[in-house]
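Each remark here refers to the structure printed beneath this line.
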Amino acid sequence: MEMKYYPLSRTQKEIIFFEDECPGTAINSICALYQCEGDFADTMEKVVNSLVEHEQSFRLRMHKTEEGEW
């Protein structure tokens, strides 16, 4: 499959700026942890998997070019 490349949005450029300033940190991550049991946990897993499958933003990866550009 051929990769398609698109210019970064303003928000993406801001994310990259902070990643360059603080590499390898979770500065751009919004995390949460919930412990669930039973049917609720199964339902939530299906919901999250469905979101990832249908929303491109959850599958987005940014790469630097050989010239160092994002």
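The values are calculated or read from the model by the stated rules, or taken from the named source; none is laboratory data. Since we're looking at a predicted model, the values are computed, not measured. Here the Cβ positions follow ideal geometry from the backbone for every residue, glycine too, while neighbour counts run over all protein chains shown. Surface areas here come from the heavy atoms of the whole protein model, side chains and all, with no ligands, DNA or RNA. Shrake-Rupley method; radii C 1.70, N 1.55, O 1.52, S 1.80 Å.
Taking the range 26-50 only, how many residues are surrounded by 10 or more Cβ atoms within 10 Å (Cβ to Cβ) and of a type in the set (S, T, Y)?
Selection size over the range 26-50: 2.
Among the residues of the range 4-26 satisfying the criterion of being of a type in the set (S, T, Y) and out of contact with any His (no Cβ under 9 Å at 6 or more places or on another chain), which is farthest from W70 (Cα to Cα)? Lay out the reasoning, then the answer.
Going through the range 4-26, the residues of a type in the set (S, T, Y) turn out to be 5-6, 9, 11, 25.
Next, only the ones that are out of contact with any His (no Cβ under 9 Å at 6 or more places or on another chain) stay: 6, 9, 11, 25.
Numbers: Y6: 10, S9: 11, T11: 13, T25: 18 Å.
It comes out as T25.
Starting from the range 42-70, keep only residues that are under 16 Å from E19 (Cα atoms), then list their pairs with residues that are open to solvent by 100 Å² or more (accessible area, probe 1.4 Å) whose Cβ atoms are within a distance under 6 Å, requiring at least 6 positions of separation or different chains.
Qualifying pairs under 6 Å: W70/K64.
Confirm whether L8 is at pLDDT 80 or above and either open to solvent by 80 Å² or more (accessible area, probe 1.4 Å) or assigned to a loop (DSSP other than H, G, I, E, B) (or both). Full working, then the answer.
Working: at pLDDT 80 or above: yes; either open to solvent by 80 Å² or more (accessible area, probe 1.4 Å) or assigned to a loop (DSSP other than H, G, I, E, B) (or both): yes.
The answer is yes for L8.
Is there any pair with a first residue in the range 14-38 that is outside any helix (DSSP H, G or I) and a second that is modelled with pLDDT under 75 whose Cβ atoms are under 9 Å apart and which are 6 or more apart or on different chains, and what are they?
Going by the 9 Å Cβ cut-off, the qualifying pairs are C22/N28.
Give the residue, chosen from E53, E2, that is loosely packed, with under 10 Cβ neighbours inside 10 Å and part of a loop (DSSP other than H, G, I, E, B).
Details: E53 fails: part of a loop (DSSP other than H, G, I, E, B).
Just a single option satisfies the conditions, and that option is E2.
For the range 56-70, what are the residues that are small (G, A, S) and either more than 27 Å from M3 (Cα to Cα) or open to solvent by 80 Å² or more (accessible area, probe 1.4 Å) (or both)? Walk me through how you get there before you give the answer.
In the first step, residues of the range 56-70 are kept if they are small (G, A, S); the result is 57, 68.
Passing the criteria: only S57.
Working only within the range 20-38, note down all residues that are at pLDDT below 80 and charged (D, E, K, R).
If the condition is that a residue be at pLDDT below 80 and charged (D, E, K, R), then E37 is the only one that fits.
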